[in-house]
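Below is one structure, written out as structure tokens; comments come after it.
The values are calculated or read from the model by the stated rules, or taken from the named source; none is laboratory data. All figures in this text were calculated on a predicted structure; none of them were measured in a lab. Cβ placement follows ideal geometry from the backbone for every residue including glycine, while neighbour counts extend to all protein chains displayed. Keep in mind that these areas ignore ligands, DNA and RNA; they rest on the heavy atoms of the full protein, side chains included. Shrake-Rupley method; radii C 1.70, N 1.55, O 1.52, S 1.80 Å.
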Amino acid sequence: MKFLIVFVALFAVAFVDALPEAYIENLESEVGPESYSFNFKTSDGQQGEAKGVLNNVGSDHESLAVKGSFSYVGDDGKTYEVTYLFTI
């Protein structure tokens, strides 16, 4: 589960880094043994945040609950936002 938490956090950073003409204005992350959180903002208007919590720690029913969102400015100048919530 800890690997999954770190993987999700690194995926978000990689997503932000995929656009070379933008730079990261703000990036904060906190990774613990049973939870994580991060948020970012880029120079081209992208931003996002996520929080994950490991539930039922030590049991056969461990699960990771993640809630987050990200937004970006489209080619048409409009801001689009995606919000997600999932449990693994």
_Where a residue in the range 69-88 is in contact (Cβ under 8 Å) with a residue 40 or more places away in the chain and farther than 22 Å from ALA22 by Cα and its partner, wherever it lies, is of a type in the set (S, T, N, Q) and open to solvent by less than 90 Å² (accessible area, probe 1.4 Å), with Cβ under 7 Å and at least six apart_ = ILE88/SER63
*asked:* Suppose the filter is within 19 Å of LEU85 (Cβ to Cβ) and either touching a strand residue (DSSP E or B) at 6+ places or on another chain (Cβ under 6 Å) or at pLDDT 95 or above (or both); does VAL53 pass it?
replied: yes
*Mind counting the residues in the range 50-66 that are small (Gly, Ala, Ser) and either surrounded by 13 or more Cβ atoms within 10 Å (Cβ to Cβ) or in a strand (DSSP E or B) (or both)?*
4
_Qualifying positions in the range 18-41 - touching an Asp or Glu at 6+ places or on another chain (Cβ under 7 Å) and at pLDDT 90 or above_ = TYR36, SER37, PHE38, ASN39, LYS41
*For residues that are modelled with pLDDT of 95 or more and in contact with a Gly (Cβ under 6 Å, 6 or more places away or on another chain), scanning just the range 67-83, find the one that is surrounded by the fewest Cβ atoms within 10 Å (Cβ to Cβ).*
TYR80
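In the range 67-88, what residues are among the hydrophobic types (A, V, I, L, M, F, W, C) and not in a loop (DSSP other than H, G, I, E, B)? First the steps, then the outcome.
Taking the range 67-88 first, the residues among the hydrophobic types (A, V, I, L, M, F, W, C) are 70, 73, 82, 85-86, 88.
Residues satisfying the conditions are PHE70, VAL73, VAL82, LEU85, PHE86.
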